[in-house]
Amino acid sequence: MIPFQAPVDEIYRSFALFAGDLPDWDAEFSAEIAGHFAAFAEGVLAPLNTPGDRQGCRLDAGRVKMPDGFAAAYVELAESGWQGLTAPEAFGGQALDHLTAAAVSEIFSGANHSLQMVTGLVPGAISTLLAHGTPAQQEAYIPRLTSGEWLSTMCLTEAGAGSDLSTIRCRAVATATGWAITGQKIFISGGDQDMSEGILHLVLARTGTAEEGVRGLSLFLCRSDTGTGRNAITVTRIEEKLGLHASPTCQVEFDGAEAELIGTEGRGLAAMFTMMNHARLDVALQGVAHATRAHAIASAYAGERRQGRLPDGSPAVLADHPDVQRMLEEQRISAQVSRAMVHIALGELERGDRPALIEFLTPLCKLYATEAGIRAADLGIQVLGGYGYLEEYGLAQVWRDARITAIYEGANGIHALTLATRGLKLEGGAAIGQFAALVTTLSDGSVDPTDWMAQATALAAKADVRAVAHAFAQETAALLAAAIGHRLAA
Ligand SMILES: Cc1cc2nc3c(=O)[nH]c(=O)nc-3n(C[C@H](O)[C@H](O)[C@H](O)COP(=O)(O)OP(=O)(O)OC[C@H]3O[C@@H](n4cnc5c(N)ncnc54)[C@H](O)[C@@H]3O)c2cc1C
């Protein structure tokens, strides 16, 4: 097995090139923090990745057991303050910026995607509490999430409601003291685990009629323990799946579970979007992490494995062969370009003065970076040949773990639709001009977005763009990738 090495230098080089001007940001301090996390990831998280994949999670008397070593690693993670990295200091957090958090998140996913899945929803939950919670809710829950005492989940999916959340049937009814939730959620990451003392479930449930669709949905905070005992929440099964074996994907039954409304009744989906938008860039970073790890394994292997001969007859290693070089180069570039895309979006998020552009870039990053991760893992397997197909070098696991990233947090086809519909109409089409300006600036005018702008403007006026959404998303990503490529080469 080729040991995991956190790509700290690559990440900070990319921030410098692509995150743009951030006057208050101290890159050196941020890199120092990421360096500490890198040591933890290399020494503690990464060594658990393969054993965790082999052992998997199990359901024992209604409670989820994580693989050996995960609980101890989580205690170390929480005690070192990593769960509260971006939370406000008033709630026990460190109030750090999105860039530092992204560096940590990418390193975490590269070292151990399964564990990152279970711990990584906390920053989104904190943002949701800050944006929509009452002061009492913020005080009650953010410190517990920040300290690591509790973890959080995101409960949207149901058997009949996947991409289309308008068909959610899980119901919440008002009680004398709050709300009670009844119904079944499926595929809930970290629906239970034996690492944190408690779990704060963020649950999307119906308060209105079925006919109201998404307008009848509200968001709820549902604690695993009520304070006097276990809440009426039961994990009834964990799924057998292709990858992420150390991340429990749970079917959860809510049986009149006590809950609190967060935000406005009937505006649950809008509130949940605070969490989902955060999670989407995080999933994009999972794609970057997989592309980077796949390239690291493949290039190390290709540099040592002796096969074939050079034209002069002397012995060659795989990396000497142009066809292998082509695959390694595609991996390297896709990791760099997808990282750059996310860093551009994060820079915009930090500055906050072009919200339409952030909303446009988020689905683009999600679909481009996750496809890059899967493709790079696939190429890595090809570079290693038969050894790539075995579990021995870890590439098979990278591919299996990466595959879900194109499906969850909104399947990529849905993100392409979002880009071609809402993305082009936000603020009267503001993102079209802003995206074109971004392409021009990044490429010093050498990539011309004129044709793309005409196409985007025509699409924005169309009633039905479903048949062309995929092609448009691919072309949009290719344009941005070309501009990024120009800056990387400059
Ligand atoms: C490992 C794992 C972890 C997960 N974690 C969570 C979690 O923590 N919380 C949670 O709530 N959910 C979670 N999910 C669920 C995940 O978000 C859903 O699987 C995803 O949203 C897709 O829903 P679906 O599986 O029902 O597929 P479907 O909605 O049935 O879609 C199947 C395919 O059809 C396409 N499609 C569907 N509708 C349309 C349309 N209108 N137009 C064009 N194409 C369409 C999709 O793009 C997709 O390719 C997880 C799933 C897995 C496997």
Practice task
Would you mind estimating how fast region 406-490 diffuses translationally, via Stokes-Einstein at 25 °C and 0.890 mPa s with the Kirkwood radius over Cα pairs, in µm²/s?
Solution key: 184
Exercise for the section: May I ask you to derive the relative contact order of the chain, considering only C-alpha pairs under 8 Å and at least 6 residues apart, and to give it as an integer percent? Expected result: 15
Practice task
Could you tell me whether region 8-144 comes out rounded, prolate or oblate from its Cα gyration tensor? Rule is a ≥ b ≥ c as square roots of the eigenvalues, rounded for a/c under 1.5, then prolate if a/b exceeds b/c, otherwise oblate.
Solution key: oblate
Fill in the blank from the handout: Kirkwood radius from Cα pairs of region 204-325 plugged into Stokes-Einstein at 25 °C, 0.890 mPa s, gives D in µm²/s equal to 125
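Find, among the GluC sites (Glu not before Pro) in region 361-405, those assigned to loop by DSSP (not H, G, I, E, B) with at most 14 other beta-carbon atoms within 10 angstrom. Present the calculation step by step, with values, prior to reporting the outcome.
Numbers: sites: Glu371, Glu391, Glu392; in loops: Glu391, Glu392.
Filter output for region 361-405: Glu391, Glu392.
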Completion exercise
Here, region 115-208 modelled as identical Cα point scatterers in vacuum has Debye log10 I(q)/I(0) at q = 0.13 Å⁻¹ of -0.49
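For each of Trp82, Trp25, Trp399, count neighbouring Cβ atoms within 10 Å of the residue's Cβ, then give the residues from fewest to most.
Numbers: Trp82 20, Trp25 17, Trp399 24.
Ranking Trp82, Trp25, Trp399 by Cβ neighbours within 10 Å, fewest first, gives Trp25, Trp82, Trp399.
Grab the alpha carbons of the chain, take their convex hull, and tell me the volume per residue in Å³.
Values: hull volume 74.3 nm³, N = 490.
Here the figure is 152 Å³ per residue.
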Problem - Computed helical MRE - 222 nm, the chain, DSSP H runs ≥ 4 contributing -39500 (n - 2.57), nearest 500 - result: -17000 deg cm²/dmol
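Which trypsin sites (Lys or Arg not before Pro) does region 147-235 hold that lie in a coil by DSSP with at most 14 other beta carbons within 10 Å? Intermediate results must be reported in sequence, preceding the final value.
Numbers: sites: Arg169, Arg171, Lys185, Arg206, Arg215, Arg223, Arg230; in loops: Arg169.
Those satisfying the criteria are Arg169.
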Problem - Which of Cys365, Cys170 has the fewest Cβ neighbours within 10 Å, and the rest in rising order - result: Cys170, Cys365
Exercise for the section: Specify whether the C-alpha gyration tensor of region 239-283 places it in the rounded, prolate or oblate class, a ≥ b ≥ c being the square roots of the eigenvalues: rounded for a/c under 1.5, otherwise prolate if a/b is larger than b/c and oblate if not. Expected result: oblate
Problem - Rounded Å value of the spacing that divides the Cα centres of region 280-350 and region 135-174 - result: 37
Handout entry: Relative contact order, percent, region 150-267 [alpha-carbon distance under 8 Å, six or more residues apart]
Key = 31
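How would region 270-489 be classified by its alpha-carbon gyration tensor: rounded, prolate or oblate, with rounded meaning a/c under 1.5 and the a/b versus b/c comparison settling the rest?
Working: a/c = 2.47, a/b = 1.84, b/c = 1.34.
Cα axes put region 270-489 in the prolate bin.
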Practice task
Report the percentage of all Cα-Cα pairs in region 86-155 whose separation exceeds 17 Å, rounded to a whole percent.
Solution key: 42
Handout entry: Amide H within-cut-off set for Ile262, under 5 Å, with H built and near neighbours excluded
Key = Leu219, Phe220, Leu221
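Find the percent of Cα-Cα distances in region 150-267 that exceed 18 Å, and round it to a whole number.
On the way: 3269 of 6903 pairs.
Every Cα pair in region 150-267 considered, those over 18 Å come to 47 percent.
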Problem - Relative contact order (%) - region 270-489, alpha-carbon pairs under 8 angstrom, separation at least six - result: 23
Problem - Qualifying trypsin sites (Lys or Arg not before Pro) for region 324-355 [loop in DSSP, other Cβ within 10 Å: at most 12] - result: none
Practice task
Could you let me know the centre-to-centre spacing of region 423-490 and region 1-79, using Cα atoms, in angstrom?
Solution key: 33
Completion exercise
Restricting to lysines and to Cα separations under 30 Å from Lys185, and discarding same-chain partners fewer than 8 apart, the set is Lys65, Lys241, Lys366
Exercise for the section: In nm, give the distance between the simple-model label positions of Asp21 and Ala72, each being 7 Å from the Cα along the Cα-to-Cβ direction. Expected result: 5.1
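Just so you know, all these numbers are worked out from the coordinates, no wet-lab data involved. Computed from a predicted structure; not experimentally measured. Note that each Cβ is placed from the backbone with ideal geometry, even for glycine, and that neighbours are counted across all protein chains shown.
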